[in-house]
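See below for the structure under consideration.
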Amino acid sequence: MSAFKRRTTAKQPPLPAGTRTCPGSTATVITSTGIPSLDDILGGGLPLSCSFLVLAPDPHSAYGELVLKYFAAQGLACGQRVCVVDSRSQSFLAECMWMPGSNSNSSGVSASAQPASPAVPSQVTAAEDEEDQRASEHDTKIKIAWRYEQMKQFQTTVPSPSQSADDYCRTFDLTCRIPEAVIQSARADERFLDVDPEEGTSVDGRPSSCRRVIQRLSEILSQVASDKSLATRICIPALGSSEWGDLIPQDICYFLHSLRALLRRYPSACASICMPPHLCQEAFGGPGWVQKLGWLTDASITLAAFGSNPSLTAMFSSHHGFVHIHALPAPHTLLPPSDKFSTLRGLTSSGENNLAFKCMRKRLIFETLHLDVEGGVGERRTTPSTSAIAMESAVGHGHGHAHEPRTVPTGGSQSVAAVQVQLEQVQIAPTPPEQTADQTLTPGKPESGPKKAKVKKKVAFTSERPDLYDF
Amino acid sequence: MVMFPPNELALPGEILLITDELLAPADFMLHRHLATHLKESKSSPCILVSVSEGIERWKAVAQKSNLILAQYLDAETLTFVDAMSHIAPHLDERTDVPLQTLLQEIKTRLLRLKPEEESRTLVILDDIASLEWIGVPVVEVTRFARKLCASCRKLNVSLIIRHHVTTPGEPDDILKHLLQLCTYHIDVFALSSGRSGSVSGQVALHGGPANLAPAHRFIPRSAAVHYRLTDLGGIFFDRGTGSGVL
């Protein structure tokens, strides 16, 4: 019998459902927002006792509300308590997404009594991968130098969680709606609470909706405070919308400030807030408004969708908007855990990455944003970019490349766009290789003989030297 | 390693103003001042007036530098004043002077303290900007600041006030008043090139208008000292040098 006694740590109270401890700071308990890439940006998830503000200043889209729907759906899916502060909370919840499964509403069949079970993620991700594959097919055809062929493809986002991590973050499908049965059972269990911000007026004529909501939330949280096994999510999809009355910036600031104080007092709750577009602008809040909001909440991001800006949509065609991070949660540390643990933000590698989001058919993902390969004078490409617009033109003169690949162009069977190869073929064959490293133009070839109508690739930039050698 | 900030920045009767920005928050400065103050002698009292943050975060961060705040709270060397509990009732009533109760509370606690001969009392107000944001009139906030500074000077107490700057380059009214009141001003601001992994921000040191014989050399913004945040606090280094930090 060994003389050593194993030193057992004091039994930690079990964590509430759907939460786990933050890897960087054991005192912090985090919970998922429903979107894995957003969880990564926040450093694993949203910590309990923290408030999270999503600003969506674009009036033509509702991505902020989409994030809030994920938040509510995730809360219901892992059995947490969800409190929705909205005048139409029932319809807000009914629009939430759900996990794809045999019992979900995706086909419009009436919901059965059993709650939807999470489908095998491979089904969802397989469809996703198909989309991604088609989109990135052109990338695989780029001639990669042989020494880089072994490297894996550049990752722009975090992968969806595997089956084993499903308890923390469920995989949601935007094409599925939440089954009515789930909402009913949550209501019956008192896991779905709602607060209506009625527009009343207080003594001096200012709307009292904010104070009333804070009071009601305080009552709810104190009632459920004894039940430590369930975390509470407060979901405010439209803070300051017309149902709240005519709010001034001080009302919003007071609300956010008091909400955060409430969350500190009842640390088994967290909150997610979204504001309508007109309240996210400096026209409403004055100079430095976004900064103030960042100070008054623990985590704050802006989803700046490209909706009203066609040039941005054209430039970043695979994304739907930028993501600006203003504040990150650090409830028990000086440094937010996201600084050390976020792969998307990239602080561990070189510097801050630019982030963007895109809403695909089945999910919303946050990604790193990189400028496309095309850009600047004198760049070299071996295949056309997907955003190049093909134009019918009689006189063809493709943009030259300094070096041609060693391989003799064959019948154009290898390349995606047969056009380009043909063009190169036509250019190379008759002219002797006179290229130098600096020349960005290859001598144009005299158009001789009948040829099929070539599609000329129109590129967005022009070389500084005019087409001197164009015959 | 650069010795910044100078440790005796807020001597008794002096007012230290710390301003920061969202991209470069100055929490670490406040924690550092609190830690130095509490560690210097067994009975140097401190009053922590917090508007926005709860005591839990202070405790958790202090624990990283081996400072157990619970002990000081029990021994009443450290007093935590939750400012909103004194302000919120009056904000609802819409009185003219919502901050009066808070000021009274601070003064009462200061008078109740009986510091030893060598020890100093420190008052930290974190932060004053939120008071204006949540609806307290600017006039009231500036009067509160002035009265608080006057009380601290009279009682020979060091005062640290933290203010958030949301419009860099254009000081707001409260900042203009605070700049007139302070003895020293620590200016924590972000790098002009945005975020970086290795440098978290920069710090400058300015003197207040009434500071005729400054004990410390000022550091202008153009020659600001860079710092890098770690879980234990900030490490300072001269701009452009790695100094074994990077």
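Summary of computed values
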| quantity | calculated |
| --- | --- |
| Qualifying residues in the range B:195-230 (those that are crowded, with 16+ Cβ neighbours inside 10 Å and charged (D, E, K, R)) - the one nearest to the other protein chains (Cβ to nearest Cβ) | B:195 |
| Residue within the range A:247-254 that is surrounded by fewer than 24 Cβ atoms within 10 Å (Cβ to Cβ), in contact (Cβ under 8 Å) with a residue 40 or more places away in the chain and away from chain B (no Cβ under 12 Å) present | no |
| Residue satisfying all of: in the range B:46-75; within 14 Å of another protein chain (Cβ to nearest Cβ) and of a type in the set (S, T, N, Q); nearest to residue A:292 (Cα to Cα) among these | B:52 |
| Within the range B:1-110, helices (runs of 4 or more DSSP H) holding 3 or more residues that are modelled with pLDDT of 90 or more and within 30 Å of residue B:211 (Cα to Cα) | B:27-40 |
| Contacts under 6 angstrom Cβ, first residue in the range B:132-144 being part of a helix (DSSP H, G or I), partner surrounded by fewer than 16 Cβ atoms within 10 Å (Cβ to Cβ) and acidic (Asp, Glu), 6 or more apart | B:138/B:173 |
| Number of the exception - residue A:308 against (1) more than 12 Å from every other protein chain (Cβ to nearest Cβ); (2) under 14 Å from the mean Cα position of the chain (by Cα) | (2) |
| Pick from the range B:153-194, criterion in a strand (DSSP E or B) and farther than 20 Å from residue B:53 by Cβ, ranking: nearest to the other protein chains (Cβ to nearest Cβ) | B:189 |
| Residue within the range A:261-280 that is more than 29 Å from residue A:193 (Cβ to Cβ), assigned to a helix (DSSP H, G or I) and not aliphatic (A, V, I, L, M) present | no |
| Test: residue in the range A:285-298 that is away from chain B (no Cβ under 14 Å), without any contact (Cβ under 8 Å) to a residue 60 or more places away in the chain and either within 21 Å of residue B:20 (Cβ to Cβ) or open to solvent by 60 Å² or more (accessible area, probe 1.4 Å) (or both) | no |
| Residues within the range B:111-121 that are crowded, with 16+ Cβ neighbours inside 10 Å and modelled with pLDDT under 75, tallied | 2 |
| Residues of the range A:259-281 classified as within 10 Å of chain B (Cβ to nearest Cβ) and without any contact (Cβ under 8 Å) to a residue 60 or more places away in the chain, total | 2 |
| Flag for residue B:78 being more than 13 Å from every other protein chain (Cβ to nearest Cβ) and within 16 Å of the chain's Cα centre (by Cα) | yes |
| Failed condition for residue B:126, given (1) touching a strand residue (DSSP E or B) at 6+ places or on another chain (Cβ under 7 Å); (2) under 30 Å from residue A:249 (Cβ atoms); (3) of a type outside the set (Phe, Trp, Tyr); (4) open to solvent by 40 Å² or more (accessible area, probe 1.4 Å) | (4) |
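The values are calculated or read from the model by the stated rules, or taken from the named source; none is laboratory data. Since we're looking at a predicted model, the values are computed, not measured. Cβ: placed from backbone, ideal geometry, glycine included. Neighbour counts: every protein chain shown. Calculation scope for accessible area: heavy atoms of the full protein, side chains included, ligands and nucleic acids excluded. Shrake-Rupley method; radii C 1.70, N 1.55, O 1.52, S 1.80 Å.
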